[in-house]
Structures are given as structure tokens and as C-alpha cells.
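Report on one structure; see the data block that follows.
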Amino acid sequence: MPAPLRRLPAALMLGGLAISGQALAAETLIERVETEHHDLRLERVATGFEHPWAVAQLPDGSFLVSERPGRLAHVGEDGESRHLEGVPEVNARGQGGLLDVVLHPEYGAGDGEQDWIYFTWSQAGSGGTATTLSRARLVDGALTDVEELFAQDRYSGPGRHYGSRLAWLPDGTLVMSIGDRGSHPPRAQDSGDHAGSVLRLTETGGVPGDNPFLEDADTLDALYSIGNRNIQGMVVNAEGQVWATEHGPLGGDELNLIEPGVNYGWPEVSLGVDYATRQPIGADSLPGMRDARYIFEGRFAPSGLSEVASEQFPEWQGNLLAGGLRSETLVRLALDGDRVVEREVILEGEIGRIRDVRQGPDGALYLLSDHADGGLYRLVPAD
């Protein structure tokens with residue numbers, strides 16, 4: 001049976017979704033957020049989520065919000081929120097739990113054959129936990145036909161650096177990040193280990209026939225890139241490029257352009273320092289390893305990344321919006337090819353720790369705050 005309904009206060013219901021055909025109330029937090037190119041209104045759509053990690057908007061205008069303790073909330077267009085049955089038993093210790101959630105690119109089209117919800121989670125097993133990819137269908141208020149598609153090759157401790165962001169490439173394959181798992185950074189340089197990498201998978205969790213390392217007997221077939229410490233923001237832009245924000249150690253948080261077969265250096269290359277000793281980790285740059293496209297200032301702690309393609313923000317077309325956890329900031333990055341040429345702080349502390357950033361099908365920008373009572377927020381043009 002579906003979980004009991006949890007009614008949200010009227011002021012916190014989903015608001016004005018063009019795709020749903022029904023205008024719903026939302027609470028305005030800030031009437032006008034002034035930026036260099038656009039003035040924005042910050043709205044709170046819903047609250048009551050326990051450490052939310054990701055948000056996906058369904059074709060009917062409702063939302064799926066993953067909560068790290070292992071719950072998937074469905075916020076309906078009528079303003080009601082319920083926790084869906086059928087979520088696998090996650091290991092929610094440390095940084096683990098129920099993590100990213102995305103829809104199949106053809107969700108809602110045709111006969112429903114591709115109406116799959118994909119999600120990542122930390123699974124317990126012999127030796128610790130592993131980043132895992134599953135998919136399921138949403139039927140009558142519950143997840144059904146749950147399938148485990150992929151689990152990283154080693155279960156290990158200590159319960160952090162799961163990575164776990166998902167993004168679809170134009171060819172219908174799926175890229176998935178896995179962190180270095182936090183205890184032995186050199187795993188990110190071991191091509192026989194999924195830790196510290198980006199994977200490329202088919203929609204059923206298999207290995208595409210043109211993955212970059214297929215001819216290398218010493219490298220796992222699913223690997224797309226290596227040398228990644230802990231990617232928690234990832235988006236495929238309109239040009240098909242994979243951009244990712246990656247946690248450095250202390251300082252040294254990176255924006256990377258992820259390309260097939262590339263080594264991004266961690267821990268041999270890093271501009272951050274050790275948390276305990278404050279000593280540099282690795283070199284600034286090394287041959288055969290790709291340097292970051294941009295280094296965030298201070299302790300940004302990136303999570304959530306989106307490209308702006310909405311007509312509501314014409315001056316931001318092709319820009320990236322990056323969320324920050326410790327910094328509690330939303331940062332806009334303008335690109336010229338593969339270079340960052342402009343940086344602007346859009347939010348700083350207004351909603352706290354920003355875990356996810358998404359552009360919705362309605363053209364609005366959605367944010368999740370990572371707190372014990374986290375919320376779903378929306379940025380739209382100010383009146």
C-alpha cells in the first residue's frame with residue numbers, strides 16, 4: 001500500500017507549472033534578487049524533506065525528490081507529498097543513502113515503454129558499501145519493476161565519496177560518477193577499480209560497444225574517465241559536452257570538462273591541501289593528466305550543476321549554474337568554448353546548503369537545500 005499522504009501547507013505547495021496546466025501557490029521568499037543580467041524571484045515550493053539529494057520533474061508537473069535516509073518523495077501537482085513504496089534498502093550511514101534521480105530521456109512519450117526512473121544509492125555488502133544504479137516504474141503511487149542495473153566492483157568503507165550523479169548523453173547512453181570512496185585516494189588512478197571515475201553505461205546498465213577503454217585488458221570496460229575525486233554535479237549541455245563539478249580536498253574544488261579516456265589527475269594532481277596537515281596534495285599539473293577548466297574560490301563544496309537553456313533567461317543561455325554546500329552559494333559561470341570567462345554569485349546563504357540545481361521542463365530553475373528540514377526552491381524572472 002502507498003505510504004500515507006502528507007499534506008503540505010498551502011503556502012508551500014508546488015507553484016504555477018506551465019506544463020501541468022494548473023497554477024499552484026508557492027511562497028515568495030525574496031521578491032527581487034538582483035543579478036548582472038536578470039532580476040529573479042526566489043520562491044519556496046515545498047519543505048519537509050530530510051536531507052534531500054536530487055529532484056526530477058515529471059511530465060505532469062509533479063516532482064520526485066530523493067531523501068538521503070532512503071525515501072523518495074512524490075510531490076503531486078495537487079500539493080500533496082507521499083513517500084513511495086518500493087525503494088531498495090539503502091545504507092544511509094555517513095554520506096550514503098538514496099542519492100541521484102533522473103528520468104529516462106523518453107519518459108512520458110509514446111506507449112510508456114521508456115517510463116523509467118533511474119536512481120543511485122549506497123548498497124551494503126561484504127566489505128562495506130558500493131555505489132549502485134537501479135531503475136523502476138512509478139505505478140499507482142509506488143515504485144514497481146525495480147531493477148538493479150549496476151554496482152561498482154568493490155564494496156568498501158568508510159561511507160563517503162559515493163559520487164552518484166547521472167546524466168544522459170545525446171546517443172542515449174548514461175554517464176554516472178563514482179567517488180574515490182574516501183579512504184584510499186590512489187584508487188582513482190587504478191583503472192581496474194570503478195572508484196574515482198565517470199562510467200558510461202547503456203540504459204540497461206551494460207557497457208556500450210564504443211567505450212574508450214574496451215581494448216585495454218587492464219581497464220574496466222565501463223570506465224569513461226579516471227582520476228576523479230568525487231563528482232557531485234554533472235550536466236550534459238546542448239552541445240553534448242559533459243561538464244562536472246568535483247570536490248577537491250581542502251580547497252581545490254574543480255569544474256571539469258569530462259571527455260572519454262581522459263585522466264583528471266586525482267590524487268597525483270590537485271590544487272587543494274590535506275585536511276589534517278594543510279600540506280599540498282600532488283602536483284599542480286602533470287603530463288598525461290587533464291587540468292581542471294576552473295577552480296572554485298575558497299571552500300565551495302560543489303553539488304548540483306545545470307546548464308541554462310530556458311527562454312526565461314535569455315542573457316544566461318549556455319551558462320552553468322553550480323550549487324555549493326559549505327559555501328551555501330549558487331554561482332553562475334559563463335563559458336567561451338571550454339573556458340570560464342565570467343563568474344557571478346547569484347545566491348549566498350539565502351537557502352543554506354545547496355545540494356541540487358536543475359532546470360525544469362517549465363523553464364524555471366529549481367534548487368534543493370541540504371538540511372534535516374530541507375526544501376525545494378524555484379528561481380523565476382521577477383515581475
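In plain terms, if you count all Cα to Cα distances in the chain and split them into 20 Å steps from zero, the share in each step is 30, 60, 10 percent. Within the shell of other residues whose beta carbon sits under 12 angstrom from the beta carbon of residue 128, the net charge comes to +4, with Lys and Arg scored +1 and Asp and Glu -1. Can you tell me what percent of all Cα-Cα pairs in region 302-383 are more than 19 Å apart? Counting pairs separated by more than 19 Å, the tail of P(r) holds 33 percent. Among 354, 30, 295, the residue with the largest mean-square fluctuation in a Gaussian network model of the chain, with springs joining Cα atoms closer than 10 Å, is 30.
Only one residue of 84, 207, 302 has its Cα farthest out toward the positive end of the dipole of region 82-353, where Lys and Arg carry +1 and Asp and Glu -1 on Cβ, and that residue is 302.
With the biggest extent put first, the Cα atoms of region 22-65 measure 31, 28, 19 Å across the principal axes.
Of all DSSP beta bridges confined to the chain, the antiparallel ones make up roughly 95%. This ranking places 194, 51, 371 by how few other beta-carbon atoms lie within 10 Å of each, fewest first, which gives 371, 51, 194. Using the Cβ of residue 236 as centre and a radius below 15 Å, the other residues enclosed give a net charge of -4, where K and R count +1 and D and E count -1.
Mind jotting down the distance between the C-alpha centroids of region 211-260 and region 286-335, whole Å? Using only Cα atoms to place each centre, the spacing works out to 15 Å.
Taking a ≥ b ≥ c as the square roots of the Cα gyration tensor eigenvalues, region 85-230 comes out oblate, since a/c reaches at least 1.5 and a/b does not exceed b/c.
Here, each number is a calculation from the coordinates, and none is a lab measurement. Just so we're clear, the structure is a prediction, and the values are computed from it rather than from any experiment. For neighbour counting, all protein chains shown are included, and Cβ atoms are generated from backbone atoms with ideal geometry for every residue, glycine included.
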